[in-house]
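K.L.:
First the structure, then my questions, so here it is.
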Amino acid sequence: MKSKNKKYLIITLCILVISIVTLVFSNIKKEDEDLAVIAEKVNNTIIPKPLNYKEAEGKFTLNKDTKIYVKGNTEEETTEITKIAEYLKEKLSPSTGYEFTIVKNEVPSGNSIYLTTVEGKEEMGNEGYELTTTVDGIILKAYKPEGLFRGIQTIRQLLPAEIAKSNIVNNVEWSIPASTINDKPEYPYRGFMIDVARHFFPEDVIKQQIDYAAQYKINRLHLHLTDDQGWRIEIKKYPDLTLIGGSTQVGGGPGGYYTQEQFKSIVQYAADRYIEIIPEVDMPGHTNAALASYGFLNPDGKKKPLYTGIDVGFSTLMTDNEKTYEFIEDVVKEISAISPSKYFHMGGDEADSTKKEDYDYFVGRVSKIVQKYGKTPIGWDPIDTAPEINSSTILQNWKDSNEAAREKNMNMIISIASKAYLDMKYNSATPYGLDWAGYIPVETAYNWDPTDYAPRNLVLGIESPLWTENIATEDEMEFMIYPRLLGYSEIGWTPKSSRNWSEYKVRLERQGPRMENEGINYYKDKSIWKNK
Ligand code: TNX
């Protein structure tokens, strides 16, 4: 080829490559912009994103005469729905200043919010709902009261952000765009976890976090009640577990524990928000607080010293001693009696001081004790690798090592550390938390799916754990949980095919003022909230 021709060819090729690259990039950018426009237009900033949202003409505006009507299929159901109406009223009254009189078993006649299970369709499932807003009012219909509770979270988010304030706000038009929403969750298990063992958080802090999470349709809170640094639940037969084992925490602070009455009160508070509390007693490792409370749990019969550092993997129960199993049975029995959840979490992680064969024997045997008290065991991996563990136990998968669980057809809760851990820092500037599984910026927290790790049919749902080695106050806790929990709630609720980061980001931005008005100390990520 002549050198002149060669030159032309190279120039043409270059132009072609540049054009393709420009085209691709401009398309990506355009897609982002389109999505932002869509989110703007539909006025739908709801998180988690509903399955179906159709906007219509007009709007419904709340005023001082708006009433809440309730009607169930039975008197009992009407009573339950009345409680949900009271909850709604509690959320709408402070900022609007309106009274929202509740009316039972009457047909609503305009200017109303009607909560009903009458004609609620079975295919909606327990948590699904249908929300219709016209100029006359709102009709929220569900198969079960639980679906109504999820639906009122949508109502809250359709109102202006000032609704979340706790004082009266004047000069706001409290309107909702006319629309129809059909909604139900992708997964039945959408949880978060708080480690109250490394740092103790009192009852009122836990209740506050439950109430915050309920607005994003979270339905499980797993409490990590015991670890090396603390035992946080009263066991009547073994008072020293809390008197000694609950007396400190990481860093040497005073620690604390829940009495059984306090635990029951947390369970009830959560149940009123359709959130199930799942108690965890971590074993055979992570047990120093128990070993420090009772000599009989140790090979030499002597109590271990209390521990306030943050190492893991150094403690173990004696797997070959009958006293250990008697102790566990007593503990499981007392907790099961005050915990209505069908699940009991038996830990099983990082038992680095337990030989593998002892670990296998131990978790197999403890899973049977748990079942004896009517509960389904949940365990962290590698519990699935123990031969006696089968599909009647649920794996909480944090390490992407669920091969045995797949072979055994075990259900799984997905909590992959590098995606779902609320204690991982957002970036190098995050003042609290850890980074052993990497940083988890808001986008990374959102941009994954449980089916990246396990087959769809085995996935029960997702859970995001907040470990608290480095998290000591409620403010720090909220900073780590929010806004990432909103993304996790959407991963659990909204089908993968309807989720997209660029569009989600627009909705998330709009949630900022709501969280702010509620007093949540969220991390104001500059890439989302530009002017904060
Ligand atoms: C691993 S994840 C642990 C916890 C730590 C956490 C810190 C798991 C089942 N065990 O003991 O608190 O890492 O991120």
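The values are calculated or read from the model by the stated rules, or taken from the named source; none is laboratory data. Please read all numbers here as calculations on a predicted model, not as lab measurements. Cβ sites come from the backbone with ideal geometry, for glycine too, and all protein chains shown count toward neighbours. Side chains are part of the model used for accessible areas, which takes the heavy atoms of the whole protein and leaves out ligands, DNA and RNA. Shrake-Rupley method; radii C 1.70, N 1.55, O 1.52, S 1.80 Å.
K.L.:
Got a number for carbon plus sulfur as a percent of segment 56-130's accessible area, 1.4 Å probe?
P.N.:
Of the solvent-accessible surface of segment 56-130, carbon and sulfur hold 46 percent.
K.L.:
Got the relative contact order for segment 436-510 handy, in percent, Cα pairs under 8 Å and 6 or more residues apart? Before the final figure, lay out each step's value.
P.N.:
On the way: 36 pairs, mean separation 31.1, N = 75.
Relative contact order for segment 436-510 comes out at 41 percent.
K.L.:
How high is the relative contact order of segment 317-475? Use alpha-carbon pairs under 8 Å, at least six apart in sequence, and give a whole percent.
P.N.:
RCO, segment 317-475: 16 percent.
K.L.:
Let me ask something additional. Using the per-residue mean of other Cβ atoms lying within 10 Å as a proxy for protection, in what order, highest first, do the peptides 280-292, 443-455 fall?
P.N.:
Result, highest mean Cβ count within 10 Å first: 280-292, 443-455.
K.L.:
Can you list the equivalent-ellipsoid semi-axes of segment 376-431, largest first and in whole Å, using the square root of 5 times each Cα gyration tensor eigenvalue?
P.N.:
28, 10, 8
K.L.:
In addition: Could you give the length gained on full extension between Thr134 and Thr376, defined as 0.36 nm per residue of separation minus the Cα-Cα distance, in nm?
P.N.:
Length gained between Thr134 and Thr376: 82.7 nm.
K.L.:
Using all C-alpha to C-alpha distances in the chain, build P(r) with 20 Å bins and read off the rounded percent in each one.
P.N.:
21, 50, 24, 5, 1
K.L.:
Turning to a different aspect of this structure: Residues with amide H under 5 Å of Gly58's amide H, sequence separation 5 or more or different chain, H placed in the peptide plane at 1.01 Å from N; which?
P.N.:
For Gly58, whose amide H was placed from the backbone, the distant partners under 5 Å are Ala178.
K.L.:
At 222 nm, what helix-only mean residue ellipticity would the chain give, in deg cm²/dmol to the nearest 500, using -39500 (n - 2.57) for each DSSP H run of four or more?
P.N.:
That calculation yields -11500 deg cm²/dmol at 222 nm.
K.L.:
Now for a different question. Does segment 381-480 come out rounded, prolate or oblate, given a ≥ b ≥ c as the square roots of the eigenvalues of its C-alpha gyration tensor, rounded meaning a/c under 1.5 and, failing that, prolate meaning a/b above b/c? Before the final figure, lay out each step's value.
P.N.:
Working: a/c = 2.69, a/b = 2.03, b/c = 1.32.
The shape class here is prolate.
K.L.:
Nearest-5 percent of antiparallel DSSP beta bridges in the chain?
P.N.:
30 percent
K.L.:
Ok, one more. Could you state the accessible area per residue of the chain in Å², with a 1.4 Å probe and every protein chain left in place? Don't skip to the end; give the middle numbers.
P.N.:
Values: 22170 Å² over 532 residues.
In whole numbers, the chain has 42 Å² accessible per residue.
K.L.:
Further, regarding this structure: Mind giving me the FRET efficiency for Lys237 and Lys399? R0 is 35 Å, r the Cβ-Cβ distance, nearest 0.05 is fine.
P.N.:
Working: r = 34 Å, r/R0 = 0.98.
Step by step, r from the Cβ atoms, then E = 0.55.
K.L.:
Tally up the carbon and sulfur contribution to the accessible surface of segment 173-259 as a whole percent, 1.4 Å probe, everything protein left in place.
P.N.:
Working: 1080 of 2130 Å².
Carbon plus sulfur share of accessible area: 50 percent.
K.L.:
Quick one: which residues, 5 or more positions from Glu276 or on another chain, have an amide H under 5 Å from its amide H? H modelled 1.01 Å from N in the peptide plane, none for Pro or chain starts.
P.N.:
Those qualifying (amide H under 5 Å, at least 5 residues apart or on another chain) are Arg220, Leu221.
K.L.:
With a 1.4 Å probe and every protein chain kept in, tell me what percent of the accessible surface of segment 358-496 is carbon plus sulfur.
P.N.:
About 47 percent, which is the carbon plus sulfur part of the accessible surface.
K.L.:
OK, next. Compute and list, largest first, the equivalent-ellipsoid semi-axes of segment 135-196 from the alpha carbon gyration tensor, each √(5λ) rounded to a whole angstrom.
P.N.:
Working: eigenvalues 132, 80, 17 Å².
The equivalent ellipsoid of segment 135-196 has semi-axes of 26, 20, 9 Å.
K.L.:
Which order do peptides 262-268, 382-388 fall in by mean Cβ count within 10 Å, highest first?
P.N.:
Descending packing order for the listed peptides: 382-388, 262-268.
K.L.:
If contacts are Cα pairs under 8 angstrom and at least 6 residues apart, what is the relative contact order of the chain in percent?
P.N.:
14 percent
K.L.:
Using label points projected 7 Å from each Cα along Cα→Cβ, tell me how many nm separate Asn170 and Glu357, to one decimal.
P.N.:
8.0 nm
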